[in-house]
1. Among 49, 64, 35, whose mean-square fluctuation peaks in a Gaussian network model of the chain (Cα, cutoff 10 Å)?
2. Output the 0 to 90 degree angle, nearest 10, between the alpha-carbon long axis of helix 34-45 and the longest principal axis computed from the alpha carbons of the chain.
3. I need the Debye-formula profile for region 1-49: one equal scatterer per C-alpha, no solvent, reported as log10 I(q)/I(0) at q = 0.13 1/Å, two decimals.
4. Using Cα pairs closer than 8 Å and at least 6 residues apart in sequence, work out the relative contact order for the chain, in percent.
5. Expressed as a whole percent, how much of the Cα-Cα distance distribution for the chain exceeds 24 Å?
6. Multiply the residue separation of residue 9 and residue 70 by 0.36 nm, subtract the distance between their alpha-carbon atoms, and state the gained length in nm to one decimal.
7. As a footprinting exposure proxy, order 1, 44 by other Cβ within 10 Å, with the fewest listed first.
8. Taking Cα centroids, how far is region 1-34 from region 54-121 in Å?
């Protein structure tokens, strides 16, 4: 039997959860809403996170372009994904939502721009 305590980040309440696993079944206690139950089970089986970061950009007023994963990425893959993201350099102009890296690590997750940047001569 495995038991983990965690704080739910699905909503602003921040419930203190206790998730117990026994014979492949997960029981979540302490949640005040259904999202807490879903979060607790997911956190035990396949934790994921949205990854916000930056990449280099040429031809813009700033040197870094803010980007993020368009959907959550599996936590064990974050460091490997960051190695690839850190090698990328894009050319201005860029619009919010433009795909900077498509299907990173064959996960179906895209890295997208979170800010528009015009070309500066």
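1. 35
2. 80
3. The computed values of log10 I(q)/I(0) come out as -0.24.
4. Relative contact order here is 19 percent.
5. On the way: 3188 of 7260 pairs.
Cα-Cα pairs of the chain separated by over 24 Å account for 44 percent.
6. Working: separation 61, 0.36 × 61 = 21.96 nm, distance 1.81 nm.
Gain in length upon complete extension: 20.2 nm.
7. Values: 1 6, 44 16.
Ranking 1, 44 by Cβ neighbours within 10 Å, fewest first, gives 1, 44.
8. 33
Only the coordinates and a few stated rules stand behind these numbers; no lab work does. In this text the structure is predicted, and so the values were computed from the model without any measurement. With ideal geometry, Cβ positions are generated from the backbone for all residues, glycine too; neighbour counts draw on all protein chains shown.
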